[in-house]
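All of the numbers you see were taken from the coordinates with simple rules; none came from a lab. The model shown is predicted, which means the values in this text are computed figures rather than measured ones. Every residue, glycine as well, gets a Cβ built from its backbone with ideal geometry; the counts of neighbours run over all protein chains shown.
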Amino acid sequence: MQKTRNIYLMLLLLIISSNILFCQREHDGLYLEVNFLSSNDRISEYRITSWNPFQRVVSEYDNKKLDTGVSFGFSGKINISKIFLINYRPGITVNNNHYTFADFGIYLRSKIWDDFFAGFGITSKLCLSQREGNMSYTKPRGESFEYTFILGYHMSDKINLLISINDTFRDEYGESYYTSNMNSVDTKKYVYWIAKVGIEYSF
C-alpha cells in the first residue's frame, strides 16, 4: 500500500509539472551538484563459539558515515509572479557506494535579497540500484520522499550557486543479511539527511 501511494504521488508531481510547462518559462538549464549523505549502518553479528549452534555471541554496533556522490540533471523554471518561480528538476543521484537514484523535485523559489534567492519543495526518489558495495538489500526502500530547502546566489546571468539540504520523511533505507559458516551479519541502513553544493547553468 505504501509503495502504491508513493508511485501515485510521483505521478502526480509529473502531471503537475507537465501542465505548468505551458506557463511563462524562465531560463531553463542544467545543474551539477556534489552531495554528502549522512547514514548509519546498524550491524548485528551472530557468531558460533562452540559446537552448539544455539550458543551464539551477539555483538551490535553502529557504523556512522558520510557518503559522497554527485547529482546532475535538467533544471526547468517557470515564472508565476515577479518574485516567485516554480523550479522542477528531473535528474540522477549517484553515490560512491554504488546505489543510484532517479530524482524528481519541484520547488517554489523566490528572491530574498539582492542576488540571493531561497526555495522549498519536495523531492521524489526512485532507487535504481539496491546494492551497496558487495551487499544486496533484502528489504530495500524502493521509493522515498524528501523535503528540500534551497539557498542560491546569482553569480551571473548564466550561472547560479546552489546549496541545499534534503531531509528524509523516513530514515530506514533497507536491510541486508549475510551468512557464512553458521555465522551471520545483519545490517540495517538508515539515511538521515543529504547536503548538496553545486551550480546551475542557464541556457
(message) Can you tell me which aspartates and glutamates have their Cα less than 18 Å from the Cα of residue 189? Leave out same-chain residues fewer than eight positions away.
(response) 41, 45, 60, 62, 67, 132, 143, 146, 167, 171, 172, 175
(message) Test of understanding: ordering 199, 80 by Cβ neighbours within 10 Å, fewest first, what list do you get?
(response) 80, 199
(request) Place a +1 charge on the Cβ of each Lys and Arg in the stretch 139-192 and a -1 charge on the Cβ of each Asp and Glu, then give the dipole magnitude about the Cα centre in debye, rounded to the nearest 20. (result) 100
(message) Show me the ranking of peptides 170-177, 61-68 by mean Cβ neighbours inside 10 Å, starting with the highest.
(response) 170-177, 61-68
(request) Report, ordered by chain and residue number, the lysines lying within cross-link reach of residue 158, taken as a straight Cα distance under 18 Å and ignoring same-chain residues fewer than 8 apart. (result) 77, 111
(message) On a straight-distance basis, which lysines could pair with residue 125 in a cross-link, Cα separation under 16 angstrom, same-chain partners fewer than 8 positions away excluded?
(response) 3, 196
